[in-house]
Amino acid sequence: MKRIAIYAAMIGILQFFFQGCSVQHNDLVVAEYGSNKITLGEFEKAYTKNSAQNKTVGDSSKQYESFLDLYLKFKIKLEDAKKRGFDTTADLQNELLDYKKKVGVTYLLEKQLVDPNLRRLWDMRHYEMRLSHLMIRPDSTGDEAARKKTQAILDSIKGGRSFEEMVKLYTQDNFSKPNAGDIYYFTAGTFLPEFEEAFYKTPVGQVFPEIIKTKYGYHILKVTEKRERIPEVHAAHILIDMMNEKGEADTVAAHLRADSVYNMLTVDKKDFAELAKKYSKDQGTRDNGGDVGFFGRRMMVKEFDEAAFNLKPGEISKPVKTQFGFHIIKLIERKPFPSYEDDKETIKTNYKQYRYQTDYDTLTAGMKKKYNFKLDEAVLDELVKKTDTLKVSADLFNLSWFSDFGKKTVYTLGDKAVTVDTLLIYTNAQSEFGNRPCKRPLLNDAIKKHSAELALNTTALSLDKINPEFASLMEDYRNGIYIFKLQEETVWNKIAVDSAKLVNYYDKNKEKFVWPDRVEFAEIFTKTDSVMNLCKDLLAKGESFDSVAAKYTERAGMKEKAGKYELQDVNSFDLSREAAKLNKVGDVSSEFAASGGKAILKLLKKDPSHIKSFDEARAEVSGAFQEEESKRLENEYLKSLEQVYSPIQHKDVLARAFKE
C-alpha cells in the first residue's frame, strides 16, 4: 500500500510537471506584429490544419519557417481588414450571414441527421432478419376500422392464439398467406423504416407488441430468424428443365436426371463446369460453366436464393426445385461484409429513399418545439375559406383581399412571425404545390415544410456559438472573404491595362513569347486496307491529296476539312511528329499505323520557331503583364503593412515546434 501511495504521488507530480511544460510550450511567442502575438500553440494548430487540408506532411525547419512567413503575412492582412472596417461592412456581413445559413443547414443535416443514421444503419446491416406478417388493408369501412380489427387480432395473439393460425384466418396478403405470412429475409436500409425499426427490436420467435402502420395497411409482425448477413454470394448452377424428350413436362424424370448429375459431381467427382456445359439448359450460363456471378438477397427466386445462401464455399447443393426446373448449385465464394467507407454510398442511397424524410421530420419537429412553434388556427381557417376554390398561382397575389389579409401572422417560430403573404409566396415557388387546389391539406403541408426550413435556418445562425468545428469553418470562410476583398482593393482594382503598357511590356520581354517549331499538314485516315489502297491508287493517278481526303478520310470531323490540320506544335501529338519528318512542302508520307487504322500525310507548311508578333502574343502579354503587376502591387502592399506592424519572427522558438 505504501508503494502504491508513492507511485500515485509520483504520477501526480509528473502530470503536474508535464501539464506545466505543455502550457509553457503553447504560450511561447513565435512571432509578433504590432501589439499582437502568434504563439507556438497557435502555429502548431494552423500548421497541422494546413497539412491535413493539403495532404502534405513535413517537419523540417525550412517548412516550418516557410509556413510561419506565410501565416504571419496572413494574420497581418486580417488585422488590416479589421482596420478597414470589413467586420462592419453591410455587403460583406450579409454575404457571411447568407453563407452561414446555407452551409449551416447542410452541416446540421449531415452531422445530426445523415452521418449518425448512416453509421447506425451500417451497424444494423450486419444482421438480416426473416419475417412473417399479418396484414389488414383499409377497406370500405375505413382506416380506423382496419386499425381496430388489426389491434383486436394482435390482442388475441397476446392472449394465446397462434400467430400462424391468425394469419391463416385473417391476413389479406395473399402472396404470403400460404407460407404462414413468411415474407423472407430483410436487412436495414432496404424497406419501410417503420417496419425495420420494429423487426430489429423484436427477439426471434416473438411478435412485435404493437401494430405497425405502413402505406400498405396495418401489420402484425413476427421475427422467425436472425442471422449474420452475407452481402452477396458467387455461385454457379446446372439447370435441368422439366421437359422430357417428347417436349412434355415430366417432373419425376427431371428429378431423376438432376439426381444423376448430382451423383456425378459428388460421387464420381466430375468437374462442375464441364457438366454444366454438357447438361445445363440455362443458355445464358452453360458455356461459362454455369457461373451466374455475384448476387444479393432477393435477387434470385426464393428457393434458389435460400439454397445458395445456406451453402459454404465449395459446397454443392442437392437438386433444388424452382419454377424453372431443378438446379444444382455450387457456391464459389461469399463476399465479406464491407467496411463502413466501402458501403457508405449504397447505404446513403437506400437511406435517402426510405428513411431520410421521416428522420428529417423528426429532427425539425424537435427544433420547432424548441422554438415554440405556434399556428394561428383562426387565420388558417380564414385563409382556407378565401382560397378553397382557387389554385396555387401568382394570381392569388392580385386578389383584393391579399394586401390586407396577407399581413396577418399565420404562425410564429421563436421571435419570427410568418405572415400569410410570405407563406403563399413560398408555396407558389414550390413545384410540388404549384397549380394545385389551395385547400387545407396543401396549406398544412406548405406550413410544415416552410416552418421546418425556418427552424433549420434559425438553428444554423447560432450554430457557431455551440459547435467549435462549425465555428472554425465559419472563421475560415470569413477570413477568406476578407483576404479576397483586400486583394481586390489593394491589387486587382489597381491594375490598369492599356495598349501602350502592353506594347512596352512586350518590347522588353518579347523573347518570352515564342512560337515553337510548327507544321501544317493534311491527312488521309482509313480503317480498312481496301479504302487505303483505293486512296493510294487515286493519288498515283494524279488526283489531288485534298480531293481524295475530302472523299475518303474517315477521321471524325476531318472530311469537311479535307483532312487539313492548321499549324500545330511539332510535339503536340503523333501526327504532327510524323509530319515533321517530311523534308519539304508537298512531300507525302508512306502509309503508317495510326490509332484505329492507317494514315498517310502531306506536308503543307513548315514554320520554324520564332518570336511572336505583338498581335499574335497579345493575350499572353496581357496575362503576363497583369501577373507581374499583381506581384509588384502585392509586394508594395506587404511592405506598407510591415512599416505599420513591424513583424518579428522568433526562429529560436520556432525550432521547438512539435518537440514537446
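The values are calculated or read from the model by the stated rules, or taken from the named source; none is laboratory data. What you see is a predicted model, and the numbers here were worked out from it, not measured in a lab. Cβ coordinates were reconstructed from backbone atoms using ideal geometry, including for glycine residues, and neighbour counts include every protein chain displayed. Note: accessible area is taken over every heavy atom of the protein model, side chains too, but ligands, DNA and RNA are not part of it. Shrake-Rupley method; radii C 1.70, N 1.55, O 1.52, S 1.80 Å.
In contact with a helix residue (DSSP H, G or I) (Cβ under 7 Å, 6 or more places away or on another chain), modelled with pLDDT under 95 and open to solvent by 20 Å² or more (accessible area, probe 1.4 Å): does that describe ASN94?
Numbers: in contact with a helix residue (DSSP H, G or I) (Cβ under 7 Å, 6 or more places away or on another chain): no; modelled with pLDDT under 95: yes; open to solvent by 20 Å² or more (accessible area, probe 1.4 Å): yes.
No.
Here is the figure for the range 529-559: residues that are part of a loop (DSSP other than H, G, I, E, B) and either surrounded by 15 or more Cβ atoms within 10 Å (Cβ to Cβ) or at positive phi (or both) total 7. Looking at TYR565, TYR552, just one residue is in contact with a strand residue (DSSP E or B) (Cβ under 8 Å, 6 or more places away or on another chain), among the aromatic types (Phe, Trp, Tyr), modelled with pLDDT of 95 or more and closer than 17 Å to LEU604 by Cα, and that residue is TYR565. Here GLU520 does not qualify as surrounded by fewer than 17 Cβ atoms within 10 Å (Cβ to Cβ) and not hydrophobic (A, V, I, L, M, F, W, C).
When the residues of the range 258-301 are narrowed to those that are surrounded by fewer than 19 Cβ atoms within 10 Å (Cβ to Cβ), touching a residue at least 24 places away in the same chain (Cβ under 8 Å) and among the basic types (Lys, Arg), which ends up nearest to LYS330 (Cα to Cα)? Across the range 258-301, the extreme among qualifying residues is LYS281.
Scanning the range 336-366 for residues that are open to solvent by 50 Å² or more (accessible area, probe 1.4 Å), over 18 Å from THR187 (Cβ atoms) and hydrophobic (A, V, I, L, M, F, W, C) yields a single hit, ALA365.
One residue alone among GLU591, GLU627, GLU634 is of a type in the set (Asp, Glu), touching a residue at least 12 places away in the same chain (Cβ under 8 Å) and under 28 Å from GLU511 (Cα atoms), and that residue is GLU634.
Only a single item in (1) part of a loop (DSSP other than H, G, I, E, B); (2) open to solvent by 30 Å² or more (accessible area, probe 1.4 Å); (3) aliphatic (A, V, I, L, M) is not met by ALA562, and it is number (2). Just give me the residues in the range 604-623 being open to solvent by 30 Å² or more (accessible area, probe 1.4 Å) and farther than 20 Å from ALA562 by Cα, in sequence order. Correct list: PRO608, SER609, HIS610, ILE611, SER613, PHE614, ASP615, GLU616, ARG618, ALA619, GLU620, GLY623. Condition test on MET129, is it farther than 12 Å from GLY217 by Cα and touching a strand residue (DSSP E or B) at 6+ places or on another chain (Cβ under 6 Å)? When the stated conditions are applied, MET129 passes them.
It is to be established whether one or more residues within the range 450-459 are more than 20 Å from ASP361 (Cα to Cα), free of Cβ contacts under 8 Å to residues at least 60 places away in the same chain, out of contact with any Ser or Thr (no Cβ under 6 Å at 6 or more places or on another chain) and open to solvent by less than 40 Å² (accessible area, probe 1.4 Å).
Taking every residue of the range 450-459 in turn, none turns out to be more than 20 Å from ASP361 (Cα to Cα), free of Cβ contacts under 8 Å to residues at least 60 places away in the same chain, out of contact with any Ser or Thr (no Cβ under 6 Å at 6 or more places or on another chain) and open to solvent by less than 40 Å² (accessible area, probe 1.4 Å).
Taking the condition more than 35 Å from the chain's Cα centre (by Cα) and under 25 Å from ARG229 (Cα atoms), does LEU311 pass? The answer is yes for LEU311. Residues ALA500, ALA496, ALA446, ALA471: which one is open to solvent by less than 20 Å² (accessible area, probe 1.4 Å) and among the aliphatic types (A, V, I, L, M)? The conditions single out ALA446. Of all residues in the range 419-443, those satisfying the criterion of being without any contact (Cβ under 8 Å) to a residue 24 or more places away in the chain and either out of contact with any Gly (no Cβ under 9 Å at 6 or more places or on another chain) or part of a loop (DSSP other than H, G, I, E, B) (or both) are ALA429, GLN430, SER431, GLU432, PRO441. Summed over the range 111-141, the residues that are under 13 Å from TYR351 (Cα atoms) and aromatic (Phe, Trp, Tyr) give a count of 1. The number of residues in the range 367-421 that are within 19 Å of ARG436 (Cβ to Cβ) and open to solvent by 40 Å² or more (accessible area, probe 1.4 Å) comes to 11.
Each row is one residue, and each column tells you yes or no for (1) open to solvent by 60 Å² or more (accessible area, probe 1.4 Å); (2) modelled with pLDDT of 95 or more.
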site	(1), (2)
GLN112	yes, no
LEU121	no, no
SER132	no, yes
ASP139	yes, no
ALA145	no, no
ILE153	no, yes
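Please work out if GLU629 is touching a Leu at 6+ places or on another chain (Cβ under 7 Å), assigned to a helix (DSSP H, G or I), surrounded by 15 or more Cβ atoms within 10 Å (Cβ to Cβ) and not small (Gly, Ala, Ser). It would help to see each step written out before you state the result.
On the way: touching a Leu at 6+ places or on another chain (Cβ under 7 Å): no; assigned to a helix (DSSP H, G or I): yes; surrounded by 15 or more Cβ atoms within 10 Å (Cβ to Cβ): yes; not small (Gly, Ala, Ser): yes.
Criteria not met by GLU629.
Remark: pairs (first residue in the range 552-575, touching a residue at least 12 places away in the same chain (Cβ under 8 Å); second residue charged (D, E, K, R) and open to solvent by 60 Å² or more (accessible area, probe 1.4 Å); Cβ separation under 6 Å; 6+ apart in sequence or on different chains) = THR553/LYS559; GLU554/LYS527; ALA562/ASP546; VAL570/ASP517. The criterion of at least 3 residues that are touching a residue at least 60 places away in the same chain (Cβ under 8 Å) and within 37 Å of the chain's Cα centre (by Cα) is met by the following helices (runs of 4 or more DSSP H) wholly inside the range 61-160: 61-83, 90-108, 115-124. Of all the residues in the range 569-603, those that are open to solvent by 70 Å² or more (accessible area, probe 1.4 Å), in a loop (DSSP other than H, G, I, E, B) and closer than 22 Å to TRP515 by Cα number 5. Which one is least open to solvent (accessible area, probe 1.4 Å) among residues in the range 184-196 that are assigned to a loop (DSSP other than H, G, I, E, B), within 17 Å of LYS215 (Cα to Cα) and among the hydrophobic types (A, V, I, L, M, F, W, C)? The selected residue is LEU192. For the range 165-183, filtered to residues that are of a type outside the set (A, V, I, L, M) and surrounded by fewer than 16 Cβ atoms within 10 Å (Cβ to Cβ), the residue that is farthest from the chain's Cα centre (by Cα) is GLU165. Of the strands (runs of 3 or more DSSP E) lying entirely inside the range 197-243, those containing at least 1 residues that are closer than 25 Å to GLN323 by Cα and open to solvent by less than 10 Å² (accessible area, probe 1.4 Å) are 232-240.
Per-residue answers, yes or no, for (1) at pLDDT below 95; (2) touching a Cys at 6+ places or on another chain (Cβ under 9 Å):
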residue	(1), (2)
THR358	yes, no
TYR371	no, no
ASP376	no, no
LEU396	yes, yes
LEU413	no, no
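Against the definition (closer than 20 Å to GLN93 by Cβ and crowded, with 18+ Cβ neighbours inside 10 Å), how does ARG478 come out, yes or no? So ARG478 passes the test.
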